[in-house]
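Contents: one structure, followed by commentary.
Read the figures in this text as sums done on the coordinates, not as results from a lab. Note that the structure is a prediction, hence the values are computed from the model and not measured. Every residue, glycine as well, gets a Cβ built from its backbone with ideal geometry; the counts of neighbours run over all protein chains shown.
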2 protein chains.
Amino acid sequence: MQNGKHRVVIVGAGFGGLYAAKALRHADIDLTIVDRRNFHLFQPLLYQVATGVLSPANIAAPVRAILKRNRNTRTLLGEVTGVDIERSRLNLKEGAIEFDSLILAPGSETSYFGNDGWAEIAPGLKTVEDATRIRARILAAFEQAELEQVPDRIRRLLTFVVAGGGPTGVELAGAIAEIARHTLTHEFRTITPADSRILLVQGGERLLQGYPEELSANAQRSLEKLGVEILLKHKAVDVSERGALIRNEAGEEQFVESANILWATGVKASPLGAALRDATGCELDRAGRVKVLPDCSIAGHPNIFVVGDMASLDDAQGRPLPGVAQVAMQQAAFAGRLVVDRVKGRATNGRKFSYRDRGSMATIGRASAVADLGSMKLTGMPGWLAWLFIHLMYIVEYDNRVLVLFQWCWYYLTWNRSARLITNPEEAKL
Amino acid sequence: MQNGKHRVVIVGAGFGGLYAAKALRHADIDLTIVDRRNFHLFQPLLYQVATGVLSPANIAAPVRAILKRNRNTRTLLGEVTGVDIERSRLNLKEGAIEFDSLILAPGSETSYFGNDGWAEIAPGLKTVEDATRIRARILAAFEQAELEQVPDRIRRLLTFVVAGGGPTGVELAGAIAEIARHTLTHEFRTITPADSRILLVQGGERLLQGYPEELSANAQRSLEKLGVEILLKHKAVDVSERGALIRNEAGEEQFVESANILWATGVKASPLGAALRDATGCELDRAGRVKVLPDCSIAGHPNIFVVGDMASLDDAQGRPLPGVAQVAMQQAAFAGRLVVDRVKGRATNGRKFSYRDRGSMATIGRASAVADLGSMKLTGMPGWLAWLFIHLMYIVEYDNRVLVLFQWCWYYLTWNRSARLITNPEEAKL
């Protein structure tokens, strides 16, 4: 499109990318948004796909359907390989796109701290495929246990280790406990699913470390009520087909035989961060995130912005901003508005992004959640209702909202998780 | 379970297996049902998963959830490898199960008439994975076309060849036409999806050959109205990455460049048929189906029944029974009742299965279908409403019925297909 308009390219159609596109939608520019997937994924509910309540399509919406009314916007399905600074080009596997302004919001991926071989054994939860793989493994564990004769093997199949006590780990552990104690009741003739052992291993001294302490305590009590064993100040230091080696702060180790290890700890920035460093000399932090200036651009390149999980930026108090959707959305909107103003010829010098924390929340099982809404801290059923409505609000596409709400109601009333499929069964081998 | 009860084993949890289990549910027996998948799949709606209207979980229900109230029934996830006649055992990969009566309902799979290499290029539509693969390919074709510059390549990407003019082929071709002409409108900036070419290749002289002629003619008109090109008396005789070689009755050939070939022709029985022949000496027909006696048992083994797609049996007029759900359900119920009566000591000699044809139907697009209900033949909107209610009635699990109905209404009102995900993108490479 060589019509002389300012060309903006957005990389990633997660929360960051979509909010940048939204901020830019009425601008007189040529906007291109590139993602390697054809859908926006509502990651906060991914654990519900992994545990059989929702289907992948319920929390995903095609990017080009979301943006079809944005007349200035072109959607491309492509894989970004790097940035060519000299020619102001974004390189894709499929070709190259020229840009005048670039907003990078590619997100993050699961980190195994250098032990990439663990990925096969202990799947993380970042993509739709991760979620259906975890779902297949959880369900296949019970199926295989039903066929098994040897007690030790049954015990290994019915032992679940969740590494990481952040929101994802807490939500996964709670959901697995409910599957074992409620959903599967009366469905097996040989094993008793309720005998399953669910371990939640957390390195820090409490669950949900970014949350107020009272909410952490509440989450712990709720999980324990569901029968989850919580190991604080413990870490999974090795995983294998047989199980997980768990070490406490004192260096004492125990080996837990388990066929089901889920990895909800450790996140690293998209590899695009390293590509950007190679191209621009920008600095990366330990997690591979790009250190950005207060206006979310990178040093020496005021037209290149990094927002969301791949950006490393401190708040006014000098604390690093967390890798959550709220930060990505607010940074993206900020960067988008900045580009709009620049195109309009308005002054943008000296602008600084400032984050407004609107709170955080996590569910623990069917009708219980903890919610930190700043002035208000909710737990139990009120927390769950707050969680429910806020999540529904942010799900893209009206039909998905209805489908999700119906399936939640159904689950609430019957304990039945309606999306209990083992697909691609070769991946579920335990 | 060595409690002296008569042991019945059912293989397969499709329509046949479930109806056999239903017929046997109150009997004083030990019943085991084995399937290699953990869910019953409502195959008649699989094309709606392949074309993005429904999610896999909407047309699948966990076998053990369906049967959890059947106290005499044990569900196993296992892969059957053969039958050991001497020891009355069914061999599984996972072990062996003894039986007194055996009901085999393993169904059928896609046949490439000996050209198994075509499977990668021209996927069939038999499993959930087939459906999500086809969905990924259809969507990825449009995505790749949007990135492409060379007109010939764009044309190849936007040419869809459906081989086979039975219900599946008709339904797929109609749905693809609607995706191209309606769903994707306004979503692309470079290509015009409505320019897509959709070919339906049918060997016979009309579509839907088992149906009354007037319905075939109506289906053809409806598809042509949607812009589908129909090639009757033509066959795809070779397929490759580049496209399909199509030959007519006179032996004239044309090569159609296409990145999207779908295989809706050719079905063969489960390989378990051959295993059964090796074990019992029973006869197979050309499609690998087991020739059964009028009571659905195999010659010389009155306690082994074969029902559904793997059974070969003629009706009273000497015509082979078709491979449809109705036949499987009725045969399975027949065999199940026969076993119940035998266990109760009632005479079962000389019983013969007789098929009652309740009609057949196929949809053509959003609000049109042909339905042959015996005395009544419906087309257009009435046909579609009949199709809709009959299909809803047979979907297992109440929540799936609601979810399917909502998504149909949504699609009916907006043309929007809400499950448009390219998952496992490495499979979608064109």
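Structure data summary
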item	result
Karplus-derived 3J(HN,Hα), 6.51/-1.76/1.60, for each residue of the stretch B:285-295, Hz, glycine and proline x	8, 4, 8, x, 7, 7, 6, 10, 6, x, 9
14 Å reach of a label modelled at B:Arg242, 7 Å along Cα-to-Cβ, counting backbone N of the stretch B:152-177	B:153, B:156
Kirkwood Rh in Å, taken over all unlike Cα pairs in the stretch A:272-396	16.4 Å
Interchain or long-range residues, amide H under 5 Å from B:Thr265's placed H	none
Residue-by-residue Karplus 3J(HN,Hα) for the stretch A:119-125, coefficients 6.51, -1.76, 1.60, Hz, glycine and proline x	4, 5, 8, 10, x, x, 10
7 Å along Cα→Cβ, label-point gaps from B:Ser375 to other copies, nm, shortest first	7.0
Mean Cα-pair separation over length for chain A, i.e. relative contact order, pairs under 8 Å, 6 or more apart, %	20 percent
Convex hull (Cα only) mean projected area of chain A, reported in nm² to one decimal	21.3 nm²
Amide H within-cut-off set for B:Thr32, under 5 Å, with H built and near neighbours excluded	B:Val8, B:Val9, B:Ile10, B:Arg74
Considering only the stretch B:18-107, percent of DSSP beta bridges that pair antiparallel, nearest 5	70 percent
Residues whose placed amide H lies under 5 Å from that of A:Ile198, excluding near-sequence neighbours	A:Phe160, A:Glu229
For the axis carrying chain A to chain B: nearest C-beta residue of A, whole Å	A:Ser55, 2
Distances in nm from B:Asp84 to the matching label points in the other copies, shortest first (labels 7 Å along Cα to Cβ)	6.6
Sorted peptide list for A:62-69, B:388-395, criterion being average Cβ within 10 angstrom, highest first	A:62-69, B:388-395
Beta bridge orientation in chain B: antiparallel %, DSSP, nearest 5	50 percent
Residues B:Ser375 and A:Glu120, FRET efficiency given R0 of 60 Å [Cβ-Cβ distance, rounded to 0.05]	0.55
Per-selection Kirkwood Rh - the stretch A:334-406 (Cα, Å, 1 d.p.)	15.0 Å
Peptides B:157-166, B:242-251 ordered by average Cβ neighbours within 10 Å, highest first	B:157-166, B:242-251
Cβ-derived FRET efficiency at R0 22 Å, A:Trp415 paired with A:Glu229, nearest 0.05	0.50
Packing-based order for A:352-361, B:211-220, using average beta carbon neighbours within 10 Å, highest first	B:211-220, A:352-361
Counting DSSP beta bridges with both ends in the protein assembly as shown, the antiparallel % (nearest 5)	50 percent
Computed over the stretch B:177-297: relative contact order in percent, which uses C-alpha pairs under 8 Å that are six or more apart	15 percent
Other copies of A:Glu252: label-to-label distances in nm, shortest first, labels 7 Å along the beta-carbon direction	8.6
P(r) histogram, all alpha-carbon pairs of the protein assembly as shown included - 10 Å bins from 0, percent	2, 12, 20, 23, 20, 13, 6, 2, 0, 0
Averaged over A:132-143, number of beta-carbon atoms from partner chains that fall within 10 Å	2
Percent RCO, i.e. relative contact order, over the stretch B:213-280, from Cα pairs under 8 Å lying at least 6 residues apart	17 percent
Over 30 Å between alpha carbons, listed pairs A:Lys233/A:Lys268; B:Lys68/B:Lys344; B:Lys93/B:Lys291; A:Lys22/B:Lys126; B:Lys233/B:Lys268	A:Lys22/B:Lys126
Theoretical FRET efficiency, 1/(1+(r/R0)^6), r = Cβ-Cβ of B:Ala299 and B:Phe389, R0 45 Å, to 0.05	0.65
Label-point separation, B:Glu253 to B:Lys93 (7 Å along Cα→Cβ), nm	3.8 nm
Karplus 3J(HN,Hα) series, Hz, for the stretch A:173-190 with 6.51 cos²θ - 1.76 cosθ + 1.60 (x for Gly, Pro)	4, x, 5, 5, 4, 5, 4, 5, 8, 10, 4, 8, 3, 6, 8, 10, 9, 9
